[in-house]
Amino acid sequence: QAIAALIATAMGAIGAATRDRERRWTAADVAARMDWALRAAHAHGTAAIRTHLDSQPPQHAISWPVFAAMRDRWRGRIELQAATIVMIERFEGAFGAELADLVAAHGGLLGGVALPAPDLDRRLDRVFSLATARGLDLDFHADESGDPEARALAAIAEAKLRHRFAGTVTVGHCCSLAVQDEATIARTLDLVAEAGVNVVSLPMCNLYLQGRRSRGTPRWRGVTL
(Lines give C-alpha, C1' and ligand atoms only; values in the text may rest on other atoms or scores of the structure.)
Protein backbone atom coordinates (compact mmCIF):
# COMPACT_ATOMS: atom_id res chain seq x y z
CA GLN A 1 0.00 0.00 0.00
CA ALA A 2 2.85 2.38 0.79
CA ILE A 3 4.43 1.78 -2.65
CA ALA A 4 1.06 2.20 -4.37
CA ALA A 5 0.54 5.52 -2.60
CA LEU A 6 3.91 6.80 -3.84
CA ILE A 7 3.08 6.17 -7.51
CA ALA A 8 -0.65 6.94 -7.44
CA THR A 9 -0.11 10.20 -9.35
CA ALA A 10 1.83 11.08 -12.49
CA MET A 11 4.38 13.11 -10.52
CA GLY A 12 4.70 10.32 -7.99
CA ALA A 13 5.42 7.84 -10.76
CA ILE A 14 8.04 10.16 -12.27
CA GLY A 15 9.69 10.62 -8.88
CA ALA A 16 9.76 6.88 -8.19
CA ALA A 17 11.25 6.13 -11.62
CA THR A 18 13.88 8.85 -11.19
CA ARG A 19 15.04 7.50 -7.84
CA ASP A 20 15.16 3.95 -9.20
CA ARG A 21 17.06 5.03 -12.32
CA GLU A 22 19.72 6.88 -10.35
CA ARG A 23 20.34 3.93 -8.06
CA ARG A 24 19.95 0.82 -10.19
CA TRP A 25 19.72 1.22 -13.97
CA THR A 26 23.02 -0.25 -15.08
CA ALA A 27 23.34 -1.91 -18.48
CA ALA A 28 22.95 -5.33 -16.84
CA ASP A 29 19.84 -4.22 -14.96
CA VAL A 30 18.23 -2.70 -18.06
CA ALA A 31 19.01 -5.85 -20.08
CA ALA A 32 17.48 -8.09 -17.41
CA ARG A 33 14.28 -6.01 -17.32
CA MET A 34 13.97 -5.97 -21.09
CA ASP A 35 14.59 -9.71 -21.34
CA TRP A 36 11.91 -10.52 -18.78
CA ALA A 37 9.38 -8.17 -20.39
CA LEU A 38 10.00 -9.57 -23.86
CA ARG A 39 9.76 -13.19 -22.77
CA ALA A 40 6.48 -12.45 -21.01
CA ALA A 41 5.13 -10.51 -24.00
CA HIS A 42 6.14 -13.25 -26.43
CA ALA A 43 4.44 -15.91 -24.30
CA HIS A 44 1.20 -13.93 -24.60
CA GLY A 45 1.40 -13.57 -28.38
CA THR A 46 2.77 -10.03 -28.69
CA ALA A 47 4.26 -9.37 -32.12
CA ALA A 48 5.35 -5.70 -31.89
CA ILE A 49 6.32 -3.30 -29.09
CA ARG A 50 7.24 0.37 -29.02
CA THR A 51 9.02 1.35 -25.83
CA HIS A 52 10.10 4.72 -24.48
CA LEU A 53 13.68 4.74 -23.21
CA ASP A 54 14.44 7.12 -20.36
CA SER A 55 17.17 9.19 -22.01
CA GLN A 56 18.26 11.55 -19.27
CA PRO A 57 22.06 11.71 -19.25
CA PRO A 58 23.93 9.51 -18.54
CA GLN A 59 21.13 6.94 -18.98
CA HIS A 60 20.90 7.55 -22.73
CA ALA A 61 24.37 6.11 -23.24
CA ILE A 62 23.46 3.03 -21.18
CA SER A 63 20.00 2.07 -22.42
CA TRP A 64 20.19 2.66 -26.18
CA PRO A 65 22.99 0.16 -26.91
CA VAL A 66 21.24 -2.40 -24.70
CA PHE A 67 18.00 -1.87 -26.62
CA ALA A 68 19.73 -2.21 -30.00
CA ALA A 69 21.28 -5.52 -28.95
CA MET A 70 17.95 -6.78 -27.64
CA ARG A 71 16.18 -5.79 -30.86
CA ASP A 72 18.68 -7.84 -32.84
CA ARG A 73 18.27 -10.80 -30.50
CA TRP A 74 14.47 -10.78 -30.85
CA ARG A 75 14.33 -10.02 -34.57
CA GLY A 76 11.79 -12.29 -36.27
CA ARG A 77 9.84 -12.88 -33.07
CA ILE A 78 8.89 -9.38 -31.83
CA GLU A 79 9.31 -6.20 -33.84
CA LEU A 80 10.87 -3.61 -31.50
CA GLN A 81 10.84 0.17 -31.73
CA ALA A 82 12.20 2.70 -29.23
CA ALA A 83 11.74 6.43 -28.69
CA THR A 84 13.47 8.81 -26.32
CA ILE A 85 11.61 10.11 -23.33
CA VAL A 86 12.98 13.31 -21.82
CA MET A 87 11.51 16.72 -21.13
CA ILE A 88 11.59 18.44 -24.52
CA GLU A 89 13.67 21.33 -23.18
CA ARG A 90 16.56 18.85 -22.88
CA PHE A 91 16.88 19.00 -26.68
CA GLU A 92 18.21 22.52 -26.45
CA GLY A 93 21.96 22.99 -26.77
CA ALA A 94 24.66 20.41 -27.44
CA PHE A 95 22.94 17.56 -25.60
CA GLY A 96 19.94 17.72 -27.93
CA ALA A 97 22.13 17.15 -30.96
CA GLU A 98 24.07 14.41 -29.16
CA LEU A 99 20.88 12.58 -28.23
CA ALA A 100 19.41 12.94 -31.72
CA ASP A 101 22.62 11.52 -33.22
CA LEU A 102 22.51 8.58 -30.81
CA VAL A 103 18.90 7.83 -31.72
CA ALA A 104 19.68 8.02 -35.43
CA ALA A 105 22.63 5.67 -34.99
CA HIS A 106 20.39 3.12 -33.27
CA GLY A 107 17.40 3.41 -35.62
CA GLY A 108 15.04 4.94 -33.05
CA LEU A 109 12.47 7.71 -32.80
CA LEU A 110 12.94 11.13 -31.27
CA GLY A 111 10.47 12.28 -28.66
CA GLY A 112 9.81 13.70 -25.25
CA VAL A 113 7.35 15.14 -22.78
CA ALA A 114 5.64 18.38 -23.82
CA LEU A 115 4.29 20.39 -20.89
CA PRO A 116 2.60 23.82 -20.88
CA ALA A 117 5.25 26.54 -21.22
CA PRO A 118 5.38 30.09 -22.62
CA ASP A 119 8.02 29.00 -25.16
CA LEU A 120 6.48 25.63 -26.04
CA ASP A 121 6.43 26.43 -29.77
CA ARG A 122 10.15 27.24 -29.75
CA ARG A 123 10.95 24.01 -27.92
CA LEU A 124 8.89 22.01 -30.40
CA ASP A 125 10.61 23.75 -33.32
CA ARG A 126 13.96 22.54 -31.95
CA VAL A 127 12.76 18.92 -31.72
CA PHE A 128 11.22 19.00 -35.21
CA SER A 129 14.39 20.52 -36.66
CA LEU A 130 16.60 17.84 -35.07
CA ALA A 131 14.29 15.10 -36.38
CA THR A 132 14.09 16.58 -39.88
CA ALA A 133 17.88 16.84 -40.19
CA ARG A 134 18.26 13.13 -39.34
CA GLY A 135 15.17 11.69 -41.01
CA LEU A 136 13.65 10.60 -37.69
CA ASP A 137 10.00 10.07 -36.77
CA LEU A 138 8.62 11.69 -33.62
CA ASP A 139 6.78 10.39 -30.56
CA PHE A 140 5.56 12.76 -27.83
CA HIS A 141 3.93 12.46 -24.42
CA ALA A 142 1.48 15.37 -24.16
CA ASP A 143 -1.23 16.79 -21.92
CA GLU A 144 -1.01 13.97 -19.37
CA SER A 145 -3.00 15.92 -16.79
CA GLY A 146 -6.42 17.16 -15.84
CA ASP A 147 -5.43 20.73 -16.73
CA PRO A 148 -7.97 22.21 -19.17
CA GLU A 149 -5.38 24.83 -20.20
CA ALA A 150 -2.90 22.22 -21.49
CA ARG A 151 -2.54 22.64 -25.25
CA ALA A 152 0.51 20.56 -26.21
CA LEU A 153 -1.42 18.28 -28.59
CA ALA A 154 -2.62 21.25 -30.63
CA ALA A 155 0.86 22.82 -30.52
CA ILE A 156 2.46 19.62 -31.83
CA ALA A 157 -0.03 19.44 -34.70
CA GLU A 158 0.67 23.08 -35.54
CA ALA A 159 4.42 22.42 -35.45
CA LYS A 160 4.05 19.49 -37.87
CA LEU A 161 2.18 21.74 -40.27
CA ARG A 162 4.59 24.63 -39.77
CA HIS A 163 7.62 22.47 -40.54
CA ARG A 164 5.86 20.54 -43.31
CA PHE A 165 7.25 17.55 -41.49
CA ALA A 166 7.27 14.47 -43.71
CA GLY A 167 7.80 11.90 -40.96
CA THR A 168 5.31 10.22 -38.66
CA VAL A 169 4.25 12.03 -35.48
CA THR A 170 2.61 10.09 -32.64
CA VAL A 171 1.27 11.69 -29.47
CA GLY A 172 0.38 9.68 -26.37
CA HIS A 173 -1.90 10.32 -23.37
CA CYS A 174 -3.77 13.55 -24.37
CA CYS A 175 -5.84 13.37 -21.17
CA SER A 176 -6.63 17.09 -21.04
CA LEU A 177 -9.06 16.72 -23.94
CA ALA A 178 -11.42 15.09 -21.44
CA VAL A 179 -11.75 18.29 -19.39
CA GLN A 180 -11.81 20.92 -22.12
CA ASP A 181 -14.82 22.68 -23.62
CA GLU A 182 -16.37 21.48 -26.86
CA ALA A 183 -14.98 24.33 -28.96
CA THR A 184 -11.39 23.69 -27.80
CA ILE A 185 -11.76 19.96 -28.43
CA ALA A 186 -13.11 20.57 -31.93
CA ARG A 187 -10.28 22.99 -32.83
CA THR A 188 -7.66 20.57 -31.51
CA LEU A 189 -9.08 17.56 -33.33
CA ASP A 190 -9.35 19.53 -36.58
CA LEU A 191 -5.65 20.41 -36.28
CA VAL A 192 -4.73 16.81 -35.49
CA ALA A 193 -6.66 15.58 -38.52
CA GLU A 194 -5.20 18.23 -40.83
CA ALA A 195 -1.64 17.48 -39.69
CA GLY A 196 -2.09 13.71 -39.77
CA VAL A 197 -0.91 13.25 -36.19
CA ASN A 198 -1.46 9.81 -34.63
CA VAL A 199 -2.98 9.78 -31.13
CA VAL A 200 -2.55 6.89 -28.68
CA SER A 201 -4.62 6.78 -25.51
CA LEU A 202 -3.40 4.80 -22.50
CA PRO A 203 -6.52 4.19 -20.39
CA MET A 204 -5.05 1.63 -18.00
CA CYS A 205 -2.22 4.00 -17.12
CA ASN A 206 -4.14 7.26 -17.01
CA LEU A 207 -7.29 6.08 -15.29
CA TYR A 208 -4.93 5.18 -12.44
CA LEU A 209 -2.62 8.20 -12.43
CA GLN A 210 -4.87 11.13 -13.29
CA GLY A 211 -6.72 12.57 -10.33
CA ARG A 212 -6.68 9.40 -8.24
CA ARG A 213 -7.13 10.21 -4.56
CA SER A 214 -8.49 8.49 -1.48
CA ARG A 215 -11.22 10.98 -0.56
CA GLY A 216 -13.22 11.92 -3.59
CA THR A 217 -14.24 10.69 -7.01
CA PRO A 218 -12.90 12.93 -9.79
CA ARG A 219 -15.25 13.26 -12.73
CA TRP A 220 -13.94 13.42 -16.28
CA ARG A 221 -15.92 13.66 -19.50
CA GLY A 222 -17.90 10.44 -19.66
CA VAL A 223 -15.71 8.80 -17.01
CA THR A 224 -16.04 8.44 -13.26
CA LEU A 225 -12.79 7.33 -11.66
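The values are calculated or read from the model by the stated rules, or taken from the named source; none is laboratory data. Keep in mind that this is a model prediction, so the values were computed, not measured. All Cβ positions, glycine included, derive from the backbone under ideal geometry; neighbour counts span all protein chains shown. Quick note on the areas: whole protein, heavy atoms, side chains included, nothing else; ligands and nucleic acids left out. Shrake-Rupley method; radii C 1.70, N 1.55, O 1.52, S 1.80 Å.
Can you give me the number of residues within segment 62-89 that are closer than 17 Å to Leu124 by Cβ and touching a strand residue (DSSP E or B) at 6+ places or on another chain (Cβ under 9 Å)? Even if it seems obvious, please write down each step before you answer.
Start the filter on segment 62-89 by keeping residues that are closer than 17 Å to Leu124 by Cβ, which leaves 83-89.
Now narrow it down to the ones that are touching a strand residue (DSSP E or B) at 6+ places or on another chain (Cβ under 9 Å): 83-88.
Matching residues across segment 62-89 total 6.
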For the structure I just gave you, tell me whether Ala47 is surrounded by 14 or more Cβ atoms within 10 Å (Cβ to Cβ) and over 23 Å from Leu102 (Cβ atoms).
no
Of the residues in segment 85-104 that are in contact with a Lys or Arg (Cβ under 9 Å, 6 or more places away or on another chain) and crowded, with 16+ Cβ neighbours inside 10 Å, the one that is farthest from Glu144 (Cα to Cα) is Ala104
If a residue must be touching a helix residue (DSSP H, G or I) at 6+ places or on another chain (Cβ under 6 Å), closer than 16 Å to Thr51 by Cα and surrounded by fewer than 22 Cβ atoms within 10 Å (Cβ to Cβ), how many such residues does segment 105-154 contain?
1
Given the structure, is Pro116 more than 18 Å from Gly172 (Cβ to Cβ), at pLDDT below 95 and assigned to a loop (DSSP other than H, G, I, E, B)?
no
Might you let me know whether segment 155-174 holds any residue that is modelled with pLDDT of 95 or more, open to solvent by 70 Å² or more (accessible area, probe 1.4 Å) and in a helix (DSSP H, G or I)?
yes
Could you list all residues from segment 62-93 that are aliphatic (A, V, I, L, M) and under 18 Å from Gly111 (Cβ atoms)?
Ala68, Leu80, Ala82, Ala83, Ile85, Val86, Met87, Ile88
Of all residues being at pLDDT 95 or above and over 24 Å from Gly108 (Cβ atoms) in segment 186-208, which is least open to solvent (accessible area, probe 1.4 Å)? Just the residue, please.
Thr188
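Can you confirm whether Trp74 is closer than 21 Å to Leu99 by Cβ, hydrophobic (A, V, I, L, M, F, W, C) and in contact with a His (Cβ under 9 Å, 6 or more places away or on another chain)?
Details: closer than 21 Å to Leu99 by Cβ: no; hydrophobic (A, V, I, L, M, F, W, C): yes; in contact with a His (Cβ under 9 Å, 6 or more places away or on another chain): yes.
The answer is no for Trp74.
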